[in-house]
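So the structure is just underneath, and the comments pick up after that.
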Amino acid sequence: MTAVSQVSKPAAPRSHGDAITAALIIILPIALALICFAARLHIIELSHTVRAELLFALLLALMATGMPISIALGLSVLTYLFILSDVDPKMVGLKLFTSIDRFEIMAIPFFILAGNFLTAGGVARRMIDFATSLIGHWYGGLGLAGVVACALFAAISGSSVATVVGIGSIILPALMEHGYPPRFSAGVIATSGALGILFPPSINLVIYAVATSGMQPRGPNGAVVDSASIGQLFIAALVPGLILAFMLGAVTWYRAWRHDYPRMNRSSWAECVHTFRESIWGLLLIVLVLGGIYSGLFTPTEAAACAAVYSFVIAVFVYKGLKLSEVPAVLLKAAAMSAMILYIITNAAVFSWLLTSEQIPQSMAGWMTAQGFGIVAFLAVTNIVLLAAGNFMDPAAITLIMAPILFPMSAALGVHPVHLGILMAVNMEVGLCHPPVGLNLYVASGITKMGITELTVAVLPWLIAMLAFLAMVTYIPAISLWLPHALGML
């Protein structure tokens, strides 16, 4: 080793702006805490509105330090309870326990486990083969097959990340091998993978139902508005999911046609039947979950448990893509992801309870009504807030924090809770596909080895289509509510 190689390079000097930013991130939570203590000691007087603003400011300041969202939620609640509120702090322990003592929450770890079994068991590859045999000969056929495969896989996994990993890790290399540009390939899969957050059995829709469960705000006529059930949300998401899949497929076809990307040979009917038979066990899971729920055979939680067992059986014994020796690793991965989400749920539930007990959402709803905000303005502001939150928070945290705030406000203006749930899910889809926290971009980056900046440019055409679809879902409630109404669920 030479003397030159032994000398380590000096660290790059930190810029003046970075030092100021770091100092502000550290000082801001401390300053907010000192204001709270001053109010507790009656040095200063704070109105109810200012106290609510302090709660949200402290939450944002703690998250800006890089603190996990779940811990930031808990610290914000404890600070407010012990310093600015007269609520008995013993209620925190009670709410931490009762927030996850719900039967429907069990659906989350079961759906996560089912998605992990499917990802590791070879189901994704068979779905890609089936989709390719049907439409691979069209312009951008392999990319279109990726969109279809993402939609199918989303309908059995309920997870966007599982969809991107399961489908993307197989089809992205195939797209580039067939001569498709890397940007086109990454753009198709990163955006189509977001269908996992909308198509039932969406974990995010389960979280929305849990976050608003038990809330009974008043509608514009003074009547109590019940929260949306998981079954209502699942059936309502079918039509929007299909429309968005079609729009993403249309963008894929148009770009492939315009640039004359390669087309595959048309598959024979025998090949189509063969690939269908190979994928039938995975496709039957859609029938098992959705058919069982809508027929009343079992609840969404029982459907999730059945899906987990069924996924294990087909992954290990039917497709044999997963060895028994590998099952513990899959269980551990699912347990880690479930624990993370459940920990966020417990702290977010306490945060939601605090908001309700302090009448903060009701006060915000009253303020919006007094300002003359109508449904159009409210929905526009809601989209802006949710898209902004998607810049620095993950979908589960956004839903858990924002749903208890937006639900009473939307109910007061006459927005249906099912419509609001689908609207939030579509916003979460968009958030998964743009930086800096777009999780699908990071997953696609790990597969394609492309930088986040390049991926951001790559997904832009599909992202524009998603934003157009968001506008449609926002101002055409029938897209979300037609099917549940037709089936008598609303």
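FYI, it's all coordinate maths here, none of it is from the lab. Quick caveat: nothing in here was measured; it's all calculated off a predicted structure. In this analysis, Cβ positions are derived from the backbone assuming ideal geometry, glycine residues included, and neighbour counts consider all displayed protein chains.
The table that follows gives values for the structure above.
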| quantity | calculated |
| --- | --- |
| Full-stretch length increase - residue 27, residue 309 - with 0.36 nm per residue and alpha-carbon distance subtracted | 96.5 nm |
| Where the Cα pairs of the chain fall when distances are cut into 10 Å bins, in % | 4, 18, 28, 25, 15, 7, 2, 0, 0 |
| Sorted by Cβ density within 10 Å, fewest first, the residues 268, 169 | 268, 169 |
| Given charges at Cβ of Lys, Arg, Asp, Glu: the chain dipole, positive-most of 151, 470, 197 | 151 |
| For the chain, size of Cβ-based charge dipole, Lys and Arg +1, Asp and Glu -1, in debye | 760 debye |
| Set of segment 248-262 residues, backbone N closer than 16 Å to the point 7 Å along the Cα-Cβ line of residue 464 | 248-259 |
| Alpha-carbon centroids, segment 454-490 and segment 381-420: separation in whole Å | 15 Å |
| Quotient of Cα Rg and 2.2 N^0.38 Å for segment 21-86, N being how many residues it contains | 1.07 |
| Computed lengthening from residue 387 to residue 223, 0.36 nm per intervening residue step minus Cα-Cα distance | 56.0 nm |
| Highest average packing first - 453-462, 202-211, Cβ atoms within 10 Å | 202-211, 453-462 |
| Packing rank of 39-46, 404-411, 284-291, 239-246, where each peptide gets the mean count of other beta carbons within 10 Å, highest leading | 404-411, 239-246, 284-291, 39-46 |
| Part-to-part distance (alpha-carbon centres) for segment 270-332 and segment 170-239, which is given in Å | 20 Å |
| Computed E for residue 176/residue 271 - FRET, C-beta separation, R0 30 angstrom, nearest 0.05 | 0.85 |
